[in-house]
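These notes concern the structure reproduced below.
The values are calculated or read from the model by the stated rules, or taken from the named source; none is laboratory data. No experiment lies behind these values; they were computed from the predicted model shown. Counting neighbours? That spans all protein chains shown, and the Cβs are built from the backbone with ideal geometry, glycine included.
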Amino acid sequence: MPLFFGVLITFLINPKFNRMKIRILSFFLTSAFVAVAITGCATDATIKERTPQFHPILASSAKGAKNLLNSTEATIAKALNHLHTSPLIALGENMEAARTALAQLKANPNDPVALHDYNFAVARMVGIIKPNKLDPWTKPLEVPTSKGTLLLTNKRDPRPMWNPALYNFTPADEFTIGGAYVKEHVTRPGIGAPVVAVGKQLNTEWRTNYLMKRIYYGVTAVVRFQDNRCILSFEDPLEKETVSVDGHTMNLAADFTVPMAVMLASAGPQVPKLERMLFPEKYAETAQLARLEPYNPNKAVVLVIHGLMDSPSTWAPMIIKLRSIPEIRRNYQFWFYSYPSGYPYPYSASILREKLDDAEHRYPTHRPMVVIGHSMGGCISRLLITDTKDDLWKLLFNKTPAATAFPSDSKKIYTDALIFKHRPEVGRVIFIAAPLKGSEIASISLGRIGSMLIRTPKKLLLAGNDALKVATFQSNDLKLKRAPNSIDTLSPKNRFVRMINKIPITTGIPYHTIQGDRGRGDSPNSSDGVVPYWSSHMEGAQSECIVPSDHGAHQNPKAFEEVARILKLNAQEN
């Protein structure tokens, strides 16, 4: 590998090579750098639609129910035979099966056969609607059955975003899922058919409403019957643990994995991780604060922040696992901050503060926010619980802001990045594999090469050049002849890194650390392969948890357990 780099660098500095060849070589150099310094590129999630098979449960749970249940299963079998040839007939047969199974559940709510048949029939009802362009949302849909016409309609929801006409619905059991971030299929047993709702249109106001460009969400379909009306409703499994059906309160079924997998597989490619690091200016609009679920003022926000050359998808395994815990569903809602990771992280933190200001106005938090930052996201998180006054400014420029001669645009950038107060809405922070004191990988030749490949945005380049004319440097400073980027601000020799660690975290805000030691058990001399223990360790942390993991500690099951423990503790204290 060193020889490979040496040959490429020789080519790159050879004046005989034209610009196109340099670009080609830069591509290979970038690929090698990323493979060695970060991680291999794997597909976050994969999905494939399929036709579910019906597997009857042979045992009947109640005396005298066998014939009734066999009849239900026979009706479902007929519906499957009609699925592609006569979809409206198949819809009616599934409605009949659901009604028959529901009658058995009314007599015996604990009947597993009736519950299984009901859920399967409801799922097939929902699955027939989209591909056949049926519309039970704007007016009742007349559906023929062997016992007469049934009207399929929906339960109205006063919330505008819960209008089913805005979405396409696909039952969760019609997906086969996989990928790097979809390792475990987490569900909750109960009544209803878990369904993936996907917005038909892009959200034109996704930025102002702190949404993704398209909505992907998991709901649970439940049908009830009133005379000749079949009423379909979509329940939120993150808001409801139970539902009332025919006079019985029953656990609401849920699938916490498939909706996330569909979102990652469908929306993930729109956020290129490597390109966002190398060309942050091109992807400036991808800096966003977004909600992963409908806003609930009574739930505390858990804000997750990804690291270098990464995206919010990296949090999927943890969020899926946390959502499977009732106490966490009851108390928390998940948001994420995504940003082009080529930015120096103090600049990314200044963007986040602006977005939090607006979000607090539109979606006020009534309970303290918990921030979880991985890797460079942990460095950003640290700045949210710090009061700098003008100390950083004076350490960098050796004079007060008023006495520093700066063009106004450049001065604003550095003011926002260096002078800030702790965020009052943040009540707790969890740092995971965070290089708070820097990582030596950013300082060695491999890191320096990667740093040189990042294209610094013009306004930051100008501001950096202005700063270089004013700043004073010491012998142990990282020597740069240009504006710093994200990799530069992860170096232990970086001026900002050394200065911010001289300023204590604001008193009264608890914080915790989670580190990886690659399973070697050699702390405090340990490392996760990227960040050493001495960099991620923090004096004053309420707890420290070392997990047998590489730098991806936020995807380790032990880390899931630790984060869940901290969130439960936080819920009890707030």
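Remarks
- Sub-9 Å Cβ pairs linking a first residue in the stretch 352-368 that is within 21 Å of Ile509 (Cα to Cα) to a second residue that is among the small types (Gly, Ala, Ser) and assigned to a helix (DSSP H, G or I), at least 6 apart or interchain, are Thr365/Ala359; Arg367/Ala571, ordered by first then second residue.
- Neighbours by Cβ (under 9 Å, 6+ apart or cross-chain): first from the stretch 53-78, closer than 15 Å to Thr100 by Cα and among the basic types (Lys, Arg); second at pLDDT below 85 and surrounded by 15 or more Cβ atoms within 10 Å (Cβ to Cβ): Lys66/Ser60
- Residue within the stretch 359-370 that is under 27 Å from Ile566 (Cα atoms), part of a helix (DSSP H, G or I) and over 21 Å from the mean Cα position of the chain (by Cα) present: no
- Enumeration of residues in the stretch 196-222 that are out of contact with any Gly (no Cβ under 7 Å at 6 or more places or on another chain) and either in the same structural domain as Ala553 (by TED's automatic domain parsing) or crowded, with 17+ Cβ neighbours inside 10 Å (or both): Ala197, Val198, Gly199, Tyr210, Leu211, Met212, Tyr216, Tyr217, Gly218, Val219
- Among residues of the stretch 521-550 that are in contact (Cβ under 8 Å) with a residue 24 or more places away in the chain, those with a beta-carbon under 6 Å from a residue that is assigned to a loop (DSSP other than H, G, I, E, B) and among the basic types (Lys, Arg) at least six positions away or on a different chain give the pairs Ser535/Lys437; Asp550/Arg518.
- Of the residues making up the stretch 311-334, just one is assigned to a loop (DSSP other than H, G, I, E, B), within 14 Å of Phe560 (Cβ to Cβ) and touching a helix residue (DSSP H, G or I) at 6+ places or on another chain (Cβ under 8 Å), namely Ile325.
- None of Leu303, Leu308 is in contact (Cβ under 8 Å) with a residue 40 or more places away in the chain, on the phi < 0 side of the Ramachandran plot, in a loop (DSSP other than H, G, I, E, B) and surrounded by 18 or more Cβ atoms within 10 Å (Cβ to Cβ) except Leu308.
- Search result, residues across the stretch 372-413 that are among the aromatic types (Phe, Trp, Tyr) and free of Cβ contacts under 8 Å to residues at least 40 places away in the same chain: Trp393
- In the stretch 561-572, residue nearest to the chain's Cα centre (by Cα) [restricted to those that are within 20 Å of Val182 (Cα to Cα) and surrounded by fewer than 20 Cβ atoms within 10 Å (Cβ to Cβ)]: Ala564
- Some residue of the stretch 223-232 being buried (at least 19 other Cβ atoms within 10 Å of the Cβ) and within 29 Å of the chain's Cα centre (by Cα): no
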